[in-house]
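Asks: One structure, as structure tokens, below. Some questions next.
All of the numbers you see were taken from the coordinates with simple rules; none came from a lab. Remember, it's a predicted structure, so these values are computed and weren't measured experimentally. So basically every Cβ, Gly included, is an ideal-geometry build from the backbone, and we count neighbours across all protein chains shown.
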């Protein structure tokens with residue numbers, strides 16, 4: 001190995017990013033000049049790094065296994081000692097030490113190590129042994145560069161800490177931070193566990209449109225686009241609810257969809273304009289049935305993915321073992337806001353209370369629903385730390401929920417809160433087409449002061465005219481559930497590619513700190 005090469009590895013932090021890249025490109029050209037392809041082809045791995053460590057635990061120091069195995073991964077560390085070198089190879093499963101020896105590889109293959117760099121993807125074949133110090137390692141007999149890394153690894157594998165860059169260049173974040181990879185592996189397992197749970201209960205997974213001529217099913221602003229062939233304004237979906245309920249009308253009695261939702265809203269630690277929800281609907285059920293389903297989903301994820309119901313989230317120690325307590329919205333408002341729903345319905349009282357609480361209402365007029373929601377958020381949500389179902393929402397806040405038989409000013413609805421944040425929302429679904437039309441029309445009457453009001457969806461009302469059985473429906477924010485179960489405080493940490501503010505100039509340099517506009 002050349003002195004220049006050893007110095008480059010030892011002193012890489014003192015070199016600029018472009019200087020390091022220039023050295024790597026030179027290595028690439030040298031490989032090509034030797035007739036070698038630095039971007040290889042298919043390779044059959046017989047084991048992963050984790051499997052090697054597990055299978056060969058029986059080896060004693062200096063003992064070597066007789067069979068040859070093959071692995072592939074990325075070079076993440078390098079320790080050279082003349083005619084012997086130790087490299088760390090990392091794959092998705094774990095890290096494994098590789099032992100390269102001049103006498104084993106021969107002069108040509110060993111000298112080729114001088115053209116390898118940290119971050120290169122390589123393939124290796126050899127025999128597993130345990131070193132004198134007790135570490136399971138691979139004595140390499142044959143190796144090849146499978147993909148040359150022209151960009152230096154982020155912060156030399158000590159973790160990419162620049163939050164802005166971590167989100168913009170998630171690929172570099174995943175390379176550098178194993179714990180980040182673990183979050184997204186758990187996310188995949190969580191979604192799979194939810195699917196298995198619902199499938200085993202007889203639910204059908206369906207797909208509903210992303211584009212529609214109306215944006216309904218939630219109080220939210222949509223993204224607007226244009227369909228050229230139809231010369232029509234279209235909306236990206238803000239919810240899957242209304243199409244899924246059409247499925248219930250059509251006789252698909254138990255349906256769910258895990259899909260992306262897009263809402264034209266702000267970005268903060270709990271909100272991203274593009275996010276994932278689970279929406280599930282069951283004929284002949286109600287919001288009580290959805291409570292049991294929510295508890296079952298969370299219990300399943302805890303048992304199958306985490307192996308525990310105890311999690312730490314937002315600095316709080318939480319117990320996610322069901323059943324969860326129930327609190328009515330009215331009782332919470334009386335306890336923490338010192339006002340009842342009946343009082344808030346008195347003319348002008350809700351706005352007066354909001355102003356007393358210091359809630360910023362701006363200069364525009366607000367609906368009663370908006371004021372009640374803001375007052376509850378300001379006074380009650382911070383007390384909902386352990387998982388809690390808030391039930392019996394007022395009719396003003398629930399245009400798609402069935403009225404409560406014992407009190408028609410309330411609805412059979414719940415929201416599940418954890419650490420002051422909504423995790424799930426469910427109703428006994430409104431299936432009376434006349435009541436539904438009236439509520440849509442009431443919302444339309446306030447459209448001039450509420451740009452998130454539900455549109456009047458005549459086709460959905462027509463579907464209800466065919467008869468929808470009593471139905472329970474629920475939505476769960478998958479991103480927030482993953483945040484909870486993996487202990488991540490920001491939604492960006494559970495989205496592989498969160499939406500970011502456009503930059504003046506994008507750069508391929510994973511160590512750049514160029515600021516936003």
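Asks: Starting from one equal scatterer on each C-alpha and no solvent at all, send me the Debye-based log10 I(q)/I(0) for the chain at q = 0.07 Å⁻¹, two decimals.
Replies: Reported log10 I(q)/I(0), two decimals: -0.54.
Asks: If you count the DSSP beta bridges with both ends in the chain, what percent of them are antiparallel, to the nearest 5?
Replies: If we restrict to bridges inside the chain, about 90 percent are antiparallel.
Asks: Then there is this: Would you calculate a helix-derived [θ] at 222 nm for the chain, using -39,500 (n - 2.57) for each DSSP H run of n ≥ 4 and dividing by the full residue count, to the nearest 500?
Replies: After summing the helix terms and dividing by residue count, I get -9000 deg cm²/dmol.
Asks: Could you work out how far apart the two model spin labels at residue 490 and residue 192 are, taking each label as a point 7 Å from the Cα in the direction of the beta carbon, and quote it in nm?
Replies: Between residue 490 and residue 192, the simple spin-label model gives 2.9 nm.
Asks: Something else about it: Give me the number: length gained by fully extending residue 500 to residue 83, i.e. 0.36 nm times residue separation minus the C-alpha to C-alpha distance, one decimal in nm.
Replies: Going from the current span to full extension adds 145.3 nm.
Asks: Next question. Apply the a/c threshold of 1.5 to the C-alpha gyration tensor of segment 196-284 and tell me whether it is rounded, prolate or oblate.
Replies: Verdict is oblate for segment 196-284.
Asks: For residue 226 and residue 442, FRET efficiency with R0 = 30 Å and r from the beta-carbon atoms, rounded to 0.05?
Replies: 0.50
Asks: Using a Förster distance of 51 angstrom, determine the FRET efficiency expected from the C-beta separation of residue 321 and residue 16, and round it to 0.05.
Replies: 0.45
Asks: Quick one: if you stick a label point 7 Å off each Cα along the C-beta vector at residue 131 and residue 32, how many nm between them?
Replies: 3.6
Asks: Another question about this same structure. Under a crude label model (7 Å from the Cα following the beta-carbon direction), how far is residue 164 from residue 385 in nanometres?
Replies: 3.5
Asks: Is the C-alpha gyration tensor of segment 79-158 telling us rounded, prolate or oblate? Criteria: a/c under 1.5 is rounded; beyond that, a/b larger than b/c is prolate, otherwise oblate.
Replies: Oblate shape, in that a/c is at least 1.5 and b/c is the bigger or equal ratio.
Asks: Expressed as a whole percent, how much of the Cα-Cα distance distribution for segment 3-152 exceeds 26 Å?
Replies: Distances greater than 26 Å cover 24 percent of the Cα pairs.
Asks: Further question on the same structure: Tell me, what is the FRET efficiency for residue 182 and residue 434 to the nearest 0.05, using R0 = 60 angstrom and their Cβ-Cβ distance as r?
Replies: After rounding, the FRET efficiency stands at 0.70.
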